1. Can you give the accessible area of residue C:255, probe radius 1.4 Å, in Å² rounded to 10?
2. Amide H of residue C:39: which non-local residues (sequence gap of 5 or more, or other chain) have their own amide H closer than 5 Å, using H built in the peptide plane?
3. With an 8 Å Cα cut-off and a minimum separation of 6 or more residues, compute the relative contact order for the range A:154-229 in percent.
4. Determine the distance separating the Cα centre of the range B:126-204 from the Cα centre of the range A:105-155; give it in Å without decimals.
5. Hey, quick one: spin label on residue A:122, modelled 7 Å out along Cα-Cβ, who in the range D:305-320 has an amide N within reach, i.e. under 17 Å?
6. Set the bar at 18 Å for Cα to Cα. Now go through C:9/C:209; C:242/D:234; C:242/D:209; D:108/D:209; A:118/D:108; A:108/D:108 and name every pair that lies beyond it.
7. Below 8 Å between Cα atoms, with a sequence gap of 6+, how large is the relative contact order for chain A in percent?
8. Step through the residues of the range D:343-348 one at a time and calculate ³J(HN,Hα) from phi using the Karplus curve (6.51 cos²θ - 1.76 cosθ + 1.60, θ = phi - 60°), rounding each to whole Hz and writing x for Gly and Pro.
Number of protein chains: 4
Amino acid sequence: MLTSTPFPKSFASDNHAGVHPAVLTAILEANAGDALPYGGDAWTTAMQDVFRTEFGAHATAHPMFNGTGANVVGLGLVLRAYDAVLCPVTAHINTNECGAAERVLGAKLVTLPTGDGKISVDDLRGQLSVLGDEHHSQPRVVSISQVTECGTCYTADEIAELAEFAHAHNLFLHMDGARLANAAAELGCSLRSLTTDAGVDLLSFGGTKNGAMGAEALVVLRPELNAAAPFLRKQGMQLASKMRFVSAQLTALLTGELWRENAAHANAMAHRLAQGIADLSGVSLRYPVQSNAVFPALPEKAIAELQQRYLFHVWDAAENVVRWVTAFDTTPEHVDTFVADIRLAVQDAVGS
Amino acid sequence: MLTSTPFPKSFASDNHAGVHPAVLTAILEANAGDALPYGGDAWTTAMQDVFRTEFGAHATAHPMFNGTGANVVGLGLVLRAYDAVLCPVTAHINTNECGAAERVLGAKLVTLPTGDGKISVDDLRGQLSVLGDEHHSQPRVVSISQVTECGTCYTADEIAELAEFAHAHNLFLHMDGARLANAAAELGCSLRSLTTDAGVDLLSFGGTKNGAMGAEALVVLRPELNAAAPFLRKQGMQLASKMRFVSAQLTALLTGELWRENAAHANAMAHRLAQGIADLSGVSLRYPVQSNAVFPALPEKAIAELQQRYLFHVWDAAENVVRWVTAFDTTPEHVDTFVADIRLAVQDAVGS
Amino acid sequence: MLTSTPFPKSFASDNHAGVHPAVLTAILEANAGDALPYGGDAWTTAMQDVFRTEFGAHATAHPMFNGTGANVVGLGLVLRAYDAVLCPVTAHINTNECGAAERVLGAKLVTLPTGDGKISVDDLRGQLSVLGDEHHSQPRVVSISQVTECGTCYTADEIAELAEFAHAHNLFLHMDGARLANAAAELGCSLRSLTTDAGVDLLSFGGTKNGAMGAEALVVLRPELNAAAPFLRKQGMQLASKMRFVSAQLTALLTGELWRENAAHANAMAHRLAQGIADLSGVSLRYPVQSNAVFPALPEKAIAELQQRYLFHVWDAAENVVRWVTAFDTTPEHVDTFVADIRLAVQDAVGS
Amino acid sequence: MLTSTPFPKSFASDNHAGVHPAVLTAILEANAGDALPYGGDAWTTAMQDVFRTEFGAHATAHPMFNGTGANVVGLGLVLRAYDAVLCPVTAHINTNECGAAERVLGAKLVTLPTGDGKISVDDLRGQLSVLGDEHHSQPRVVSISQVTECGTCYTADEIAELAEFAHAHNLFLHMDGARLANAAAELGCSLRSLTTDAGVDLLSFGGTKNGAMGAEALVVLRPELNAAAPFLRKQGMQLASKMRFVSAQLTALLTGELWRENAAHANAMAHRLAQGIADLSGVSLRYPVQSNAVFPALPEKAIAELQQRYLFHVWDAAENVVRWVTAFDTTPEHVDTFVADIRLAVQDAVGS
């Protein structure tokens, strides 16, 4: 018999979790005989409607298989052959997509130093002196992650400031929103306030880490950028023939704000986890907890001991920082058991 | 309420169909709590096992989201920067993938004329004079489709002859097997006899048209070509984070030869359809029926009338050739009703 | 001591010839102390002026190192990521540039059959049905060679007809003019009448085969296409730092119609050569002589014998067709001696 | 009449200079009738010989049009589709080639911080943890510049240490040697000691800044890497048809160590310039002078005044650092006049 991971509950990533029941139900309901392929089906039409409701009448959503696909196709809508993306050095497109942007788009990524995964207008300013000079890749789009790879969030105002600066210099603003739901849940605001209303032009919207089986979307928030999307999606190997089964997942998450429920719960579990270790001597947080991830520095010995029974990643080996991620299906009991074991391991390590 | 296509049963493509119940069940069963992502799960391990059983101990299967992804990643395993793919001009990689091979791989496709979608050693020979000459893209891999885009099949011997020739000239043989199941069902042979045993090096194995929700696989049949596959899959935006849900689909199709059952049924429906119109004057078949597709030339007026009530594509507008495709869930009643309507439409057109 | 080819005079290609004295003089004169690099120099300004005089006030010339560079950068000005080039299968970009267009531009080349290297509107029409369909690379530009790789010429009217058709369907017209000078000399018309006035949008203008040391130019004939050219040229590794030495060559050829003198002479030599064998039994011309190349079919034995003493290429081994090319420095004596030897070789072969 | 730059002598770049007389003579001598194209000529054979003499019997030189071409083709010899280049953030391939490596090779550049343009083994070590992980571009080659973009030089030992580390981790070492001659002249050693003997695998050898008209070379120092070079050079639009005129330039520079004479002179002029301002208060050098460039910080007002009469670039506007470059034809008088004017401008600015 097939078995899942033997560990009690993974804290390694929110993609270790399975599928939310409502998403599964939506998939089952979509299996209703024939349907037009490639998005010509009723489920994809319905998906467009819920995205428009959420992001505004000018939004167009293109289901994608994964986040790398959404990022690459989205950036491809604005990049000319000789253009560069300005992004924090921590950006997923820079560190975790095996060079897809460079290979598929031929794009240069100009990486900006960052302390907590976020960048500001000041980080961008110095990159614009090359505009118009044929010797240099031309900055064309700013890409930020919300939430960042460090688990931190931009406020709506911070995003708006970046967008305003970008637009003032004829740049576009792209958001890698693999965990946008977690940001909106944390900030207690709408998805729209962090994207459309803040001036984001292109959004990679993440469903998979929020309870989908495998469903992301490129959301084009400026209609004039949309024309090439179908071609780039097909060429980018992201066009699902039986698209209804992807669209149905996205609709399920966006219906009745299931996305918020899932994200808020995951965030709450991360805060519970952080609080559970807040008083522990020998433990400090690298970044503030602003979503469903906790990045504590621990005694090296405690890390080793905990990894024998729990799944999680070391984030910075030199500094003994680890990453703990919670998911829509992480329970308070999972957290409390983990906290108890962490406390023992840390105290053991510190005491020794 | 969401509705599917209003047409009785689509004859446009086998990707208009939904998901086979056994595949859905497998997906549901895979939703069993946490699992390692990116293929580190038990379902992907099981999937590897069934592929090895089917294709031999040296086969390695890499789940992909769609056929274009499988083709591009597979060809990428053997193509150097300056290489060319030799393929029939009808090849899906040439005509229906929006230039993905050129864009993502930078590859040149050298297209060979073909009458029925198949090529032979004679078609290849003339392309080899450029080998070693820096002015020319270097032929590196031969790509064939089984079944072809014309619904025809290569025999195992024909494939072996191509493989032998290719290998003798240091070329590889790639097979786009989006409908390989239909070929094996038609020829009454194993998948292995048409691939591993015939000398195929790289296979794109299709599940989606055979009843899956969305699951293809690149099957690497020569172990020494496999090392780069994980990187090219990730970079090619084909790496599923919750891979178990893709793997489970493939396992379902390969268990108990469900693939053969589905394909044989679809093929039988195509033959039933072809037989139903065999005696019609004014109708002739462009290609022999060797899988689940029928390509008849019809009176133009009959095409117009039938398209008002049935979904199917015109294949060659100049010659009034259409394409009818059957699926795992096409019933004899679907076919018989369609045949009756075709007969009326044709007789009407011929008589007028 | 260094020696050149031991053969009397090469008939293999016009790039076997050296540099015209006027071009060398221009290079020497450009070596006058410091100058701004990358085209900021006076010689490049002067070059722009002569190109404007020749091609019209809206023309902008960009010196390039070789023809492949000019073709790739020029096509890059109009191709989006998912676009295709429509060109005859004989096109240099298809057959002799080692896949540069596919690799550097990611472009698909859709190749059209041709008898004599030329294509017509009828050849293009069938390729437009895919426009707007995301599954297919989108035809974006038609590329023709003038003179063609078969030595034939389009008339100004034929070019205008192609341009009109292209523009009517939102396509661009690119001309690979590696031997445009030879066409204009043969047709007794201006360079402009075959390009700007005929509706050509992008021109690769060849200098090297016309007596330059190494100098081609991309000539952008539609100003609105020009903005990206500096970036694509730099990225395409075609930006000369000491550009004055390339520009000076082009200016030399375009001053006082030296280009026409050189081309007319080369053409005259080809006609002299063709006439010299016109009455020979056992010899026939594959294509009409319309420039500086002759493509005769010869007895196989004669080919073998002639290649022992003369440099030339076999064009079609199956049909025993060879290619003879004359240059600006081919003399009547070179031709007459060659003709005499051909006659002997052929008579010997036929007689035997 | 055509005029060169109106400024007395440019200190902006060594590519503002013209061509050394010996190089011009070599070009003229190569214009001796017909020759085989694409390197099949006697001058290219001779060029190979002088490179072998200089770099060792296993070296193969491929003439290229410019440095970007040499860098891209060279790196292309070792990069697989999913590979990364490790280089200092100041690298010319990163900052000044308009993204050619990303576009043409699809490569990711992983940029390392640097104070003076140089990197060390310690900078590389932290980048290797991603080896073998499909989510990350795989470090494959280390690229260094000699001299660096900051005018500094690696010692032979420093290069050897980088090479040893690279090879120990299955990486290659590439050197952008646009000014390698200046380094060897400065260090008083052979070209070979800084390349072949130090473990460099691939070298971009610069001729243009050393007195050539336009001639660089990719020098492959490991024979097993050489096979693909002809194809990548052609595809990379770097194959000269009349190659003899490029090869002859390189031979001229490598004959009798003309390269060293030119470089040593340029270096001496830079040192003379630096010494001339060494005692000036308000002036400090950003980097040590180790080649033909000087990077002083000056009072802003002095920069403005000097730029009215002299050509040079501002290197760091925020810190008022400028770059002065000398060439093979910079005279002591040029320098002394410049120094006198600098002194006046600085004293004027400081005094005010």
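1. Rounded to the nearest 10, the figure is 80 Å².
2. Sorted by chain and number, the residues that satisfy this are C:243, C:244.
3. Rounded, it is 29 percent for the range A:154-229.
4. 45
5. D:318-319
6. The pairs that break the limit, which is 18 Å between Cα atoms, are C:242/D:234; D:108/D:209; A:118/D:108.
7. With pairs under 8 Å counted, the relative contact order is 24 percent.
8. 4, 4, 5, 5, 4, 4
The values are calculated or read from the model by the stated rules, or taken from the named source; none is laboratory data. Small disclaimer: the values here were computed from a predicted structure and weren't measured. Neighbour counts are summed over all protein chains in view; Cβ atoms, including those assigned to glycine, are modelled from backbone coordinates with ideal geometry. Note: accessible area is taken over every heavy atom of the protein model, side chains too, but ligands, DNA and RNA are not part of it. Shrake-Rupley method; radii C 1.70, N 1.55, O 1.52, S 1.80 Å.
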